[in-house]
1. Mind giving me the nanometre distance, one decimal, between the label points for K392 and K110, set 7 Å out from Cα along Cα→Cβ?
2. Give a residue-ordered list of calculated ³J(HN,Hα) values for region 47-57 (Karplus: 6.51 cos²θ - 1.76 cosθ + 1.60, θ = phi - 60°; whole Hz; x for Gly, Pro).
3. Give the angle, between 0 and 90 degrees and rounded to the nearest 10, that separates the Cα long axis of helix 335-349 from the longest principal axis of the Cα atoms of the chain.
4. What Kirkwood Rh does the chain have if only Cα atoms enter the pairwise 1/r average? Answer in Å.
5. May I ask you to list the GluC sites (Glu not before Pro) in region 132-236 that are in a DSSP loop and have at most 16 other Cβ atoms within 10 Å of their Cβ?
6. Send over a whole-number figure in Å² for the accessible area per residue of region 243-398, probe 1.4 Å.
7. Relative to the first principal axis of the alpha-carbon coordinates of the chain, what is the inclination of helix 378-390, with its axis defined by its Cα atoms, in degrees from 0 to 90 and to the nearest 10?
8. If DNA, RNA and ligands are ignored and the probe is 1.4 Å, what is the ranking of K378, K110 by accessible area, most exposed first?
Amino acid sequence: MVDFTFTEEQEMIRESVRDFARKKIEPIALKMEETHKIPDDVIEGMAEMGLIAPTVSSKYGGQDFDPVTAGIIAEELSRADPTGSIPVFYLVQASWGHVFNKYGTEEAKKEILPNVTKGKWFLGIATTESDAGSDVLGTKTTIQKVGDKYVVNGEKMYISGVREAYTRGGGHVTIAKQFPEKGAKGMTLFYLPLQSKGIIPQYVDDLGREGISTGGFTIDNVEIPSHYIIGQEGKGFYIVHEGYEYARGLIAVICAAAGLKSLERGENYLKQRKAFGMPLAKFEGLQFKLAEHYTKLSYLRWGAYNALWTYHQEILGKASRFEVSKAIAMSKMFAQEWACEAIDDVMQWQGAFGYTRECVDQVAWRAVRSFGWAEGAKEIMKVIVSRELLGKDYTAYK
Ligand SMILES: Cc1cc2nc3c(=O)[nH]c(=O)nc-3n(C[C@H](O)[C@H](O)[C@H](O)COP(=O)(O)OP(=O)(O)OC[C@H]3O[C@@H](n4cnc5c(N)ncnc54)[C@H](O)[C@@H]3O)c2cc1C
């Protein structure tokens, strides 16, 4: 990819999302630290603007947006919300909406997706368990076919949006073992409504993203209809990576935006604050930090859009799954670290104030830090890129 220009339509979408975010999100963003929820009118506004799962087909209330356009929305939401809550609410549904739209049954799509795009229901992803995160094959949750239904048993943990789906409606794209003896070929993906009988939620007190919950749930003999199967039985392990890769590309954009926005606040502070008779901005030691962070985050932003563009090329049949996996993993590999390093320096520039809860940048740091794990740990990005470079014969984990 050499031409980095966005289309006229994409620029218009950016402008309208930016305008919405300035008016509706910026004023309430920090309040979510205390309220622990995204205000209903923000969700309603996002739905009216077509910003919830815009990757879904217009047939089910979506916008048919491609991954780069989805990235533009993620970037603007991230710039407006330092808590990271609305970007997470957005990215999860955009990514798993794409998967649902591609692999869900017609009956399930008609039933579920319009409720998601209207902002009534939340659509999440649930693969992680207490004993299995990066190693998806370590999943213990099971799904069994019983007559014309399926029965699910197990638990999921560290899942985004549990409270949202449990209380508002909706559910999670979930993975379980159907044929344990078949390894990766024995896993099945399905939609699990969180209001089902047999689901008991629990919540974790995580460090940031206070407007959206993280939690888990036990799954006790939960029955789901056969049309909730996503893709075919035994294909879940492969399909789930398509969703994770979409999400990782969006996360890379979100990290770059959060870091660059923090740098902008930092630049203002450096110009205003004086020490030793001159603005901090005159000290070369601080200037160099600014230049380094800006350069790294700009490369991160370009790399993220390149990864999302590569994803789009695959949708158009012009790139392979492997090219997508590599480009996406490269984009997420340093996303959290580079953004957190930049934000940490902006906190440092603000002296003791940087260590107070009033400092917006510590909120942003806590949000971005989550992306060192969420939707795939940064170490796993290195596993993926090495596998693509060296070939599967040199992969330690089959
Ligand atoms: C805020 C938050 C929200 C989340 N939301 C969701 C969600 O919505 N849905 C969901 O399913 N999951 C979610 N997760 C879970 C996330 O996907 C997992 O944390 C991640 O996959 C890592 O799994 P783990 O935590 O079990 O760590 P482990 O897999 O146990 O790994 C522990 C550490 O070892 C490293 N490691 C593991 N294997 C290797 C290896 N082969 N080589 C080198 N290092 C390795 C890991 O990178 C990590 O640093 C969320 C996590 C967080 C923090």
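The values are calculated or read from the model by the stated rules, or taken from the named source; none is laboratory data. Note that this is a predicted model, so its numbers are computed, not measured. Reconstructed Cβ throughout: ideal geometry from the backbone, glycine too, with neighbour counts over all protein chains shown. Heavy atoms of the whole protein, side chains included, go into the accessibility calculation; ligands, DNA and RNA do not. Shrake-Rupley method; radii C 1.70, N 1.55, O 1.52, S 1.80 Å.
1. Computed distance between label sites K392 and K110 equals 3.8 nm.
2. 5, 4, 7, x, 9, 9, 6, x, 6, 6, 5
3. Compared with the principal axis, the helix lies near 30 degrees.
4. For the chain, the Kirkwood estimate is 21.5 Å.
5. For GluC sites (Glu not before Pro) across region 132-236 that sit outside H, G, I, E and B with at most 16 neighbouring Cβ atoms in 10 Å, the list is empty.
6. Accessible area per residue, region 243-398: 50 Å².
7. With rounding to tens, the tilt is 70 degrees.
8. Of K378, K110, the descending order of accessible area is K110, K378.
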